[in-house]
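Quick note: the coordinates plus some simple rules give every number you see, no bench work behind them. Remember, predicted model here, so these are calculated numbers, not experimental data. Cβ: placed from backbone, ideal geometry, glycine included. Neighbour counts: every protein chain shown.
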Amino acid sequence: MKNGQLGWRLPVILIALMALLVGYYWLHKPIAPEMMLNLLGALLDVVTVGVLFASGGGLGLALLRRLHVLDALDLTAPERLSIAALLGVGVIALYALVLGLIGVFNTGAIWGGLLVIIILTRRSFFRWLGEVIAGLRGLRPEGKFARFLMWITLALLLMAFLIAIAPPFSWDSLVYHLVGPQRYLEAGRMIPHEDNFYLGMPKNGEMLFAVTMSLFGRDTSAAVVHVVFTVFALVLTAALARRHTNETAAWLAATMLIASYNVWELAGWSYVDLALTAYGVAVYVLLIRWREQPDQRVLMLAGALIGLAVGVKYTAVFIALGAGVLVFVSAPRRVIANGLAIGIPALLLFAPWMVRGLLLYQNPLYPMLGFGLNWDAARNAAFVRAGMGDFSKG
């Protein structure tokens, strides 16, 4: 058919196709208004969590520079950015705890404080953000197998993210990980909860959940926080492997971690286990650097991260024990000096949760040790059935 003969037919065909598409959409609605709202909500979650971690990264970098810790470390960019963010968001969690204890746990106080942090650390804030963006743009591993591992890792992270933006359904989330932040925000303060002993445990992770939930009231943002912690755990694991092997082995380490039983799924739940993993790997990255270049400031930073980790979950005590053994074996003649260097910061950064325990639950390590608010034989039996009784006996 000649071009001239298409003159009037082409517009008719295009109009007919448009009418067909409009009719199909009218009946089937592939993107309904409700779905669009959900997608916009997911975008809000990403932005909210992004601002939280960027402010934490900026604060962490500023603290590391002010304390001259970076001078004692030879960290790669992924290690430096991850450790800075973990330190910064840990401090933000403690800030949120203080707001809860003094009774001003609301959106204005929480995000007003974050805004002040961003303003005061604006250079570090934009530097951290810029380095993260540059790192993502330069994510081009060499070798076909390394690229294959990268795509596997990214695909599993994407699936975790899709789980994260869906309505929460996991048991622990609905029993305490989300219940605590919701109750704190509703009360405007941190108060004791006699009906749920889980809420008496340290809650650094849940404090960050509350920070993101306070802005738009979206509980799905909490799971996105956990996804980001998973990313830091993967980055630090890969960086540790890369330092001692090669790029392919680094990607293999990250892939093996995210592909491990239940990990990629757990990453998308509003839990704190991958946050604990990230802090644990960060501690051992620092201790390995300390063994190569001994410096007390590195031990102090490792101790600070241990304290924040125990504030996430009591089981981080095993990270502390492992770190203690490593430090002792590495320098047995300096066990006291090194022990103080790592132990004092750990105790200082966990101490706010001990104070909270004393004030609200009459037990600095509640619900451990077997005493405290509303604690009796029935409550102890329930605690044992929950799988944590070994810590509460005696």
Subtract the Cα-Cα distance of residue 21 and residue 37 from 0.36 nm times their separation in residues, and report this length gain in nm to one decimal.
3.6 nm
Which whole-number percent is the relative contact order of the chain (Cα, under 8 Å, 6+ apart)?
17 percent
The FRET efficiency for residue 119 and residue 77, from their Cβ-Cβ distance with R0 = 25 Å and rounded to 0.05, is 0.50
Can I get the semi-axes of the chain's equivalent ellipsoid? Compute them from the C-alpha gyration tensor as square roots of 5 times the eigenvalues, in angstrom, largest first.
42, 29, 20
With a point put 7 Å past each Cα toward its Cβ, work out how far residue 261 is from residue 9 in nm, to one decimal.
6.5 nm
At 7 Å along Cα-to-Cβ for each site, give me the label-to-label distance between residue 70 and residue 44 in nm.
3.5 nm
Restricting things to Cα coordinates, could you compute the convex hull volume per residue of the stretch 213-339 in Å³?
121 Å³
Given R₀ = 22 Å, what would the calculated FRET efficiency be for residue 314 paired with residue 355, taking r from the Cβ atoms and rounding to 0.05?
0.85
What number, rounded to the nearest 500 deg cm²/dmol, is the helix-based mean residue ellipticity at 222 nm of the chain, given -39500 (n - 2.57) per DSSP H run of at least four residues and division by all its residues?
-24000 deg cm²/dmol
FRET E, pair residue 151, residue 378, Förster distance 56 Å, beta-carbon r, rounded to 0.05:
0.60
Residue by residue through the stretch 126-131, the couplings from Karplus 6.51 cos²θ - 1.76 cosθ + 1.60 with θ = phi - 60°, in Hz, x for Gly and Pro, are 6, 5, 4, 4, x, 5
Calculate how steeply helix 33-66 sits against the longest principal axis of the alpha-carbon atoms of the chain, using the helix alpha-carbon long axis, and give the answer as 0 to 90 degrees to the nearest 10.
40 degrees
For residue 189, the residues 5 or more places away or on another chain with a placed amide H closer than 5 Å to its own amide H are 105
Across the stretch 317-324, in residue order, what do the Karplus-derived ³J(HN,Hα) couplings come to in whole Hz, using 6.51 cos²θ - 1.76 cosθ + 1.60 with θ = phi - 60° and x for Gly and Pro?
4, 6, 5, 4, 5, x, 5, x
